[in-house]
Amino acid sequence: GAVVSQHPSWVICKSGTSVKIECRSLDFQATTMFWYRQFPKQSLMLMATSNEGSKATYEQGVEKDKFLINHASLTLSTLTVTSAHPEDSSFYICSASLAGGETQYFGPGTRLLVL
Amino acid sequence: GDSVTQMEGPVTLSEEAFLTINCTYTATGYPSLFWYVQYPGEGLQLLLKATKADDKGSNKGFEATYRKETTSFHLEKGSVQVSDSAVYFCAQRPAGGGADGLTFGKGTHLIIQP
C-alpha cells in the first residue's frame, strides 16, 4: 500500500514552453503533498507544500509564478513549470502523506531536461 | 536554518561487512529523524525513523539511535548484503507535529560487493 506515482517519468522540452508533472496517490487519500527538487549529487530540496483545496505554501526562494502547484483532489497534485529554461532542468520528486501522518510516501520522480 | 549532514559516498563494502553511515543535524528544538533508502530506478522508501531522544529506529537489520547530545542519527547494520546496495538519505522534520516537508542530507551511495 501507500503507492505514489508520477507522470511523466521524464520529459524533454524546448525553452519557453510549459511542462506539467502529475503526482498521484494510488491507494490512499493524501491530505498533503510535497514537491521536491534534486540536482545531481545534491540533496532533495523542498519546493512547496500543498494541501487539498488550498493554495500551496512555497519555500523561500521558490518562485510561485514559475512553479504552479494545484492540488485539486485528495489523490492528485500537479506541478507546472511555466516558461521553462535550461536552468529548470532537474529531477522533480513528489511525496504524499495521510491526514495527520508523519510518514511521507515518495513518487519515483520526473526528470526534466529543457533544451 | 535546519540542515542535515551525512557522509559523502560512494561507500564500498564487501558482503557481510559492518556498515556505518554517519548523519548529524542542526535544528531548533527536537525534530523527528528519518532514514530513507532509494533503490535503483525506484522512489525513496522510509527505512526507519525516531521521534524523540534516545529512540532507536530499526528495520531490515538496520538501526539508528537518536542522540540528542551529539545531534546525530547514524545508520548501522551488522552484516550487509549485496541487496543493500542503494542510496541512503538522512532527513529531519521539524518538531511540533503536523505535515511539514523534510530536510534531507545529500545522500550516501552504498555499494556492496559479493
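See the values below:
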read-out: Failed criterion for B:Ala17 (all others in (1) part of a loop (DSSP other than H, G, I, E, B); (2) within 14 Å of chain A (Cβ to nearest Cβ) hold); value: (2)
read-out: Test: A:Thr49 is touching an Asp or Glu at 6+ places or on another chain (Cβ under 9 Å), without any contact (Cβ under 8 Å) to a residue 60 or more places away in the chain and of a type in the set (S, T, N, Q); value: yes
read-out: Considering residues of region A:14-33 that are modelled with pLDDT under 95 and of a type outside the set (D, E, K, R) only, the residue nearest to the chain's Cα centre (by Cα); value: A:Met33
read-out: Subset of region B:42-60 [within 14 Å of another protein chain (Cβ to nearest Cβ) and either in a strand (DSSP E or B) or under 13 Å from the mean Cα position of the chain (by Cα) (or both)]; value: B:Leu44, B:Gln45, B:Leu46, B:Leu47, B:Leu48, B:Lys49, B:Ala50, B:Gly57, B:Asn59
read-out: Single residue of region B:52-70 satisfying the filter (among the hydroxyl-bearing types (Ser, Thr, Tyr) and surrounded by 16 or more Cβ atoms within 10 Å (Cβ to Cβ)) that is farthest from B:Leu19 (Cα to Cα); value: B:Tyr66
read-out: Options A:Val62, A:Val4; residue that is more than 17 Å from B:Gly43 (Cβ to Cβ) and not aromatic (Phe, Trp, Tyr); value: A:Val62
read-out: Given (1) more than 11 Å from chain A (Cβ to nearest Cβ); (2) assigned to a loop (DSSP other than H, G, I, E, B); (3) without any contact (Cβ under 8 Å) to a residue 24 or more places away in the chain, index of the condition B:Glu63 fails; value: (2)
read-out: Qualifying residue in region B:91-106 (condition: away from every other protein chain (no Cβ under 14 Å), in contact (Cβ under 8 Å) with a residue 60 or more places away in the chain and in a loop (DSSP other than H, G, I, E, B)); value: no
read-out: Residue check for A:Tyr58: without any contact (Cβ under 8 Å) to a residue 12 or more places away in the chain and of a type in the set (Phe, Trp, Tyr); value: yes
read-out: Condition check for A:Leu74: more than 26 Å from B:Gln6 (Cα to Cα), in contact (Cβ under 8 Å) with a residue 24 or more places away in the chain and within 13 Å of the chain's Cα centre (by Cα); value: no
read-out: Flag for B:Ser85 being modelled with pLDDT of 95 or more and touching a strand residue (DSSP E or B) at 6+ places or on another chain (Cβ under 6 Å); value: yes
read-out: Checklist (1) buried (at least 17 other Cβ atoms within 10 Å of the Cβ); (2) under 15 Å from the mean Cα position of the chain (by Cα); (3) part of a loop (DSSP other than H, G, I, E, B) applied to B:Phe34, failing item; value: (3)
read-out: Options B:Tyr25, B:Tyr39: the member that is within 25 Å of A:Phe91 (Cα to Cα), within 11 Å of chain A (Cβ to nearest Cβ) and not polar (S, T, N, Q); value: B:Tyr39
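Conditions tested, residue by residue: (1) within 14 Å of chain B (Cβ to nearest Cβ); (2) within 15 Å of B:Thr103 (Cα to Cα); (3) modelled with pLDDT of 90 or more.
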residue	(1), (2), (3)
A:Pro40	yes, no, no
A:Ser43	yes, yes, no
A:Thr49	yes, yes, yes
A:Val62	yes, no, yes
A:Lys66	no, no, yes
A:Leu76	no, no, yes
A:Leu98	yes, no, no
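The values are calculated or read from the model by the stated rules, or taken from the named source; none is laboratory data. Computed from a predicted model, the values in this text were never measured in an experiment. Note that we place each Cβ from the backbone using ideal geometry, even for glycine, and neighbour counts take in every protein chain shown.
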